[in-house]
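Okay, so here's the structure we're looking at.
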Amino acid sequence: MGRKLLLEHIDVPGIETFDVWRKHGGYLSVEKALKNMSPDDVVNEVKNSGLRGRGGAGFPTGMKWSFLAKPEGVPRYLLCNADESEPGTFKDRYLMEKLPHLLIEGMIVSSYALGANLSYIYIRGEYMWILEILEKAIAEAYAKGFLGKNILGSGFDLDLRVAPGGGAYICGEETALIESLEGKRGNPRMKPPFPAVKGLWGCPTVVNNVESLATVVPIINMGADEYVKIGTEKSAGTKLISACGNLVRPGVYEIEMGISVEEFIYGDEWCRGIANNKQIKALIPGGSSVPILPAHLITKLATGEDRLMSYESLSEGGFATGSMLGSGGFIVFDEDQSVVRNTWNFARFYAHESCGQCSPCREGTGWMQRVLHRIVNGQGNMRDIDLLADINKKIEGNTICPLGDAAAWPVAAAIRHFREEFEWYVNHPEEALKRNYGMLKNTPTTV
Amino acid sequence: MIKTVITQQDRPVLSPEKMAEIQGVIQQFPEGKSKSAILRILHIVEREAGGWLSPDTMDMVAEILSIEPIEVYEVATFYTMFNLNPVGKYVLEVCQTGPCMLVGSDQTIEYIEKTLDIKVGETTADGMFTLKTSECLGACGYGPLLKCGIHYHEHLTNDSIDTLLTACRNGEVEKY
């Protein structure tokens, strides 16, 4: 069995309640931090742990914290990004639904480290029942003296609140999240200034993913020195992977960084192989935004070595033969799936979710979606494939936020590795139509 | 598609309890930052208003928050969860993004369309169901799935869809 730092007690009945959580070592990190450590000690511990942001970008959490400006008399805010919307990613939901106190505990310790006295969990609006779970757990934590004034007699005050979104993928981008929390449209802001200097209501702000904040708990409990012994040199600790697609056993798993991709897909402890005795055709290892990998590059690197579940191994080979760990949204395609059709599906997703602020993204995502739609429907031509690559280049790097890149990369990667399939669609329009269930109609996305 | 008819009755009457709940949401933010409460208030008010936001309902939210109506319109039109046209008693939102498509969401949508004799975006003649599609709902390992009320219904099969529709008709499922 792999080591579990976050999900160790997930199967304990009643673990979502304060008392059971406490009985299983809950809130020890709060006691340790508030009683024995200075805020800077906590920041340093997280820095030394090598924790990288678990939301997708993988930016070192401790470093992000150290950028936080601390002008006199100005409040600072910690925001938890629970706007989990990256296709293939459903790990934060699992964590919040089952272990609400783990997130709350992580937020108390992190708020203490950053000197934030008011923190928010911004949760996607569709997770409204989880908002209720969190608020119930927060009320318990207040009642037990772990939230509110003078926590554990330390002199540290913290109020923790939950705010829902309204159904917009873009609000997972940190400046869009801040805009949304200010009650506005989720249009990402120009940077600089970065949120660490000017964030929520113009005050210094840190935005961290649910899993990142939860991971602060074991880091403080065990110490950074012990934490870095888990995982690999460049990918410390454990990671939640949400596995989906054509698997025997999809679900959320906590893995020790550095287990092999082969073991994760086929191992008994994990996904148990491809459903219906089929072969694997492709893998998107880190959420819809990261490049797709063809069968021969999934379990092995281009060099022939085993590919591992870690930041460095999944990105080995760059975009030519690698991908990214991203958010841990692990999407598996069996041999019967159409990469072209899935690429269209994701292009539609990004076109739908573009906030519309930057022309390259607003127009480009729509063009890609329409060009792909005609290819899938047997109305494409060979020039369309190059046209997609061309649109791609014009979006990538030309937008305020990374949604443009996120929309462009999957299309580029699909063409890179599955160009023959795109060409097949162009050359076999009638068979393409037959193969694509329900594709004759244009599915509208909103009422 | 039901035609939008704007009348004064489109503004819901909020009970004292609901008004207190809304005031509680506003108090979650520092003084002078009450606009931050807008999304949660829109969710609450939409539920009270029969599942959708009329311009009149949005004006009411503007009054509650002491902001301009346009500030509410621009938020309500940006976030896709809010319905800007009347909907049926139950809104079924089927996730149609990649991972769900891999496990058959297209077939799920077609089955519901056939069963209810409506297309995506339409409401049944008896005003009972509206069928919508949704982009990634964040439950990729448990697809195909749909959202009805605040809850997800996962691992859908034709049988479980039938059961859900019957439960809705019998009033056993929470609305919106």
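The values are calculated or read from the model by the stated rules, or taken from the named source; none is laboratory data. Keep in mind that what you see is a predicted model, and the values were worked out from it rather than measured. Cβ sites come from the backbone with ideal geometry, for glycine too, and all protein chains shown count toward neighbours. Heavy atoms of the whole protein, side chains included, go into the accessibility calculation; ligands, DNA and RNA do not. Shrake-Rupley method; radii C 1.70, N 1.55, O 1.52, S 1.80 Å.
A few notes on this one:
- All conditions but one from (1) among the charged types (D, E, K, R); (2) closer than 14 Å to residue A:79 by Cα; (3) within 14 Å of another protein chain (Cβ to nearest Cβ) apply to residue A:185; the one that does not is (2).
- Helices (runs of 4 or more DSSP H) wholly inside the stretch B:1-77 that include at least 2 residues being modelled with pLDDT of 95 or more and touching a His at 6+ places or on another chain (Cβ under 7 Å): none
- Of the listed requirements (1) open to solvent by 10 Å² or more (accessible area, probe 1.4 Å); (2) within 11 Å of another protein chain (Cβ to nearest Cβ); (3) of a type in the set (Phe, Trp, Tyr), residue A:122 misses just one: (1).
- Every pair of residues 6+ apart whose Cβ atoms lie under 8 Å, when the first sits in the stretch A:64-78 and is small (Gly, Ala, Ser) while the second is modelled with pLDDT of 95 or more and open to solvent by less than 20 Å² (accessible area, probe 1.4 Å): A:66/A:43; A:69/A:196; A:69/A:204
- The stretch A:264-277 residues that are in contact (Cβ under 8 Å) with a residue 40 or more places away in the chain, paired with ones that are crowded, with 16+ Cβ neighbours inside 10 Å and assigned to a helix (DSSP H, G or I) (beta carbon under 6 Å, 6 or more apart): A:271/A:265
- Some residue of the stretch A:122-138 being out of contact with any His (no Cβ under 9 Å at 6 or more places or on another chain) and more than 22 Å from residue A:178 (Cα to Cα): yes
- Selection of the stretch B:91-145 for residues being at the interface with another protein chain (Cβ under 9 Å from one of its Cβ atoms), free of Cβ contacts under 8 Å to residues at least 40 places away in the same chain and over 29 Å from residue A:96 (Cβ atoms) yields B:106, B:107, B:110, B:119, B:120.
- For the stretch A:348-356, the condition holds for at least one residue, the condition being that it is in a helix (DSSP H, G or I) and open to solvent by less than 10 Å² (accessible area, probe 1.4 Å).
- Test: residue in the stretch B:146-158 that is more than 11 Å from chain A (Cβ to nearest Cβ), of a type in the set (Val, Ile, Thr) and within 24 Å of residue A:89 (Cα to Cα): yes
- Scanning the stretch A:253-260 turns up at least one residue that is within 27 Å of residue B:139 (Cβ to Cβ), assigned to a loop (DSSP other than H, G, I, E, B) and over 19 Å from the mean Cα position of the chain (by Cα).
- Any hit, the stretch A:159-175, residues being surrounded by fewer than 24 Cβ atoms within 10 Å (Cβ to Cβ), closer than 30 Å to residue A:74 by Cβ and basic (Lys, Arg): yes
- Of the residues examined, residue A:239 is not one that is open to solvent by 30 Å² or more (accessible area, probe 1.4 Å) and either assigned to a loop (DSSP other than H, G, I, E, B) or at pLDDT 95 or above (or both).
- For the stretch B:86-105, a residue qualifies if it is open to solvent by 10 Å² or more (accessible area, probe 1.4 Å) and over 18 Å from residue A:88 (Cβ atoms), and the qualifying residues are B:86, B:87, B:89, B:91, B:93.
- Residue in the stretch A:294-316 that is surrounded by fewer than 23 Cβ atoms within 10 Å (Cβ to Cβ), charged (D, E, K, R) and in a helix (DSSP H, G or I) present: yes
- Flag if residue A:244 is of a type outside the set (Lys, Arg) and farther than 24 Å from residue A:416 by Cβ: no
- Scanning the stretch A:183-223 for residues that are among the hydrophobic types (A, V, I, L, M, F, W, C), surrounded by fewer than 20 Cβ atoms within 10 Å (Cβ to Cβ) and under 30 Å from residue A:3 (Cα atoms) turns up just one, A:222.
- Scanning the stretch B:30-83 for residues that are touching a residue at least 40 places away in the same chain (Cβ under 8 Å), touching a Pro at 6+ places or on another chain (Cβ under 9 Å) and within 8 Å of chain A (Cβ to nearest Cβ) turns up just one, B:39.
- Test: residue in the stretch A:57-75 that is crowded, with 22+ Cβ neighbours inside 10 Å, touching a helix residue (DSSP H, G or I) at 6+ places or on another chain (Cβ under 9 Å), polar (S, T, N, Q) and closer than 23 Å to residue A:5 by Cβ: yes
- When A:179, A:174, A:211 are checked against the criterion of being more than 13 Å from residue A:108 (Cα to Cα) and free of Cβ contacts under 8 Å to residues at least 24 places away in the same chain, a single residue qualifies: A:179.
- Qualifying positions in the stretch A:326-338 - surrounded by fewer than 22 Cβ atoms within 10 Å (Cβ to Cβ) and of a type outside the set (S, T, N, Q): A:334, A:335, A:336
- Remark: residue A:292 matches the filter, which requires a residue to be within 14 Å of chain B (Cβ to nearest Cβ), closer than 26 Å to residue A:411 by Cβ and within 20 Å of the chain's Cα centre (by Cα).
- Residue in the stretch B:123-144 that is modelled with pLDDT under 95 and open to solvent by 50 Å² or more (accessible area, probe 1.4 Å) present: no
- Evaluated against (1) over 27 Å from residue A:355 (Cβ atoms); (2) more than 14 Å from every other protein chain (Cβ to nearest Cβ); (3) within 16 Å of the chain's Cα centre (by Cα); (4) not basic (Lys, Arg), residue A:152 falls short on exactly one condition, (3).
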